[in-house]
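Worksheet: the structure to be examined is printed underneath.
The values are calculated or read from the model by the stated rules, or taken from the named source; none is laboratory data. Computed from a predicted model, the values in this text were never measured in an experiment. When we count neighbours, we look across all protein chains shown, and the Cβ atoms used for this are built from the backbone with ideal geometry, even at glycine. Each accessible area value is taken on the protein alone, full model and side chains, heavy atoms only, with ligands, DNA and RNA left out. Shrake-Rupley method; radii C 1.70, N 1.55, O 1.52, S 1.80 Å.
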Amino acid sequence: VYSDISKIVFEREKSEEANRMKTAILANMSHEFRTPMSAILGFSDILKEELANSEHLSMIVDIHSSAKRLLNTLNSILELSHLESTEFKPNNSLINVTSIITSLSDSFYKLAGAKNLGYHLEIKESNCICLLDEELLKQIVTNVFDNALKYTNKGGITIKINKVEKNNDNWCLISIADTGIGISTE
């Protein structure tokens, strides 16, 4: 029995160490990629203003949007490594969820418009106050929106904000719907 317990403890410690190493590698990789991506974004912004040839301008706009998407992916990887580490502690405060989503809406509208998609924000509750980490909420909603945008080629994306009551508690319900390929039932 002692031998079995020792094996289990050893395997758990080995797994935890591997997880710590993975987290450190992901964080380091993200930082190493972020600096050159910032340069690509900065220089492509300058070139967008300087280029007169419409074909070249179209290419630099594509480079810029691809670089932004890659930087967002890198930021997500870095955030994931923070979430997996024991250091992560949410910075919760009372926030108005509706106000936060509304502030993100301008960029969502532009992103959807760039793909010729509709974007609609339905606010059924203007004061959805919750105890949350504001930056984490922004990242989650942005990631779900980006995923909807990625898999939607025609139609549009709708975000709804509503207050619901469940078990005598009030909850803020955020739903994001799209006309894309959908999620398999599995």
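Hey, what number do you get for the chain at 222 nm if only DSSP H runs of n ≥ 4 count, each worth -39500 (n - 2.57), divided across all residues, to the nearest 500?
On the way: 4 runs with 115 residues, N = 186.
Calculated at 222 nm, the ellipticity per residue is -22000 deg cm²/dmol.
Stretch residue 185-residue 138 to full length: gain in nm at 0.36 nm per residue minus the Cα-Cα span? Walk me through the intermediate numbers first.
Values: separation 47, 0.36 × 47 = 16.92 nm, distance 2.68 nm.
That pair, residue 185 and residue 138, stretches by 14.2 nm at full extension.
Modelled label-to-label distance, residue 109 and residue 173, 7 Å Cα→beta-carbon offset: nm?
2.6
Taking N as the number of residues in the chain, what value does Rg over Cα atoms divided by 2.2 N^0.38 Å take? Write down the numbers at each step before the final one.
Details: Rg = 21.2 Å, N = 186, 2.2 N^0.38 = 16.0 Å.
Normalised by 2.2 N^0.38 Å, the Cα Rg of the chain equals 1.33.
Just subtract the alpha-carbon distance of residue 50 and residue 68 from 0.36 nm times their residue separation and send over the number in nm, one decimal.
Details: separation 18, 0.36 × 18 = 6.48 nm, distance 1.94 nm.
My answer for the length gained is 4.5 nm.
State the cysteines of the chain left without a partner when partners are defined as other cysteines whose beta carbon lies under 4.7 Å away.
130
Work out the charge dipole of the chain with +1 on the Cβ of Lys and Arg and -1 on the Cβ of Asp and Glu about the Cα centre, then indicate which of 9, 121, 155 is farthest towards its positive end.
Sorting the options by dipole projection puts first 155.
Please list the helices of the chain that count as membrane-span-like by this rule: a mean Kyte-Doolittle hydropathy of at least -0.5 together with Cα atoms stretching 27 Å or more along the helix axis, each helix being a complete DSSP H run.
2-50, 54-84
Considering only DSSP beta bridges with both partners in segment 71-181, what is the antiparallel share in %, to the nearest 5? Kindly include the intermediate steps, with their values, before the conclusion.
Numbers: 15 of 21 bridges.
If I count the DSSP bridges inside segment 71-181, around 70 percent turn out antiparallel.
Please give every one of the aspartates and glutamates within straight-line cross-link reach of residue 160, meaning a C-alpha to C-alpha distance under 14 Å, and leave out same-chain neighbours fewer than 8 residues apart.
Cross-link targets: 122, 125, 178.
Around residue 114, with a cut-off of 12 angstrom between Cβ atoms, what is the net charge of the other residues, counting Lys and Arg +1 and Asp and Glu -1?
Summing Lys and Arg as +1 and Asp and Glu as -1 gives +3.
Quick check for you: with a 1.4 Å probe and neighbouring chains kept, what is the accessible area per residue of segment 4-160, in Å²?
66
Summing +1 for each Lys or Arg and -1 for each Asp or Glu, what net charge is found among the other residues whose Cβ lies under 11 Å from the Cβ of residue 173? Let's see the in-between values first.
Values: positive: 124, 160, 163, 166; negative: 125, 165.
Charge balance near residue 173 sits at +2.
Taking 0.36 nm per residue of separation and subtracting the Cα-Cα distance, what length does fully extending residue 20 through residue 7 add?
Working: separation 13, 0.36 × 13 = 4.68 nm, distance 1.98 nm.
Gain in length upon complete extension: 2.7 nm.
For a 32 Å ceiling on Cα separation, which of these pairs sit above it: 89/166; 14/89; 115/166; 89/154; 22/138; 124/154?
Cα-Cα > 32 Å for 115/166; 89/154; rest within.
Using a 1.4 angstrom probe with every protein chain in place, what is the largest-first accessible-area order of 109, 119, 151?
109, 151, 119
Taking every DSSP beta bridge that has both residues in the chain, what percent is antiparallel when rounded to the nearest 5?
70
Percent of accessible area on segment 84-186 owned by carbon and sulfur, 1.4 Å probe?
So the carbon and sulfur contribution to the accessible surface is 51 percent.
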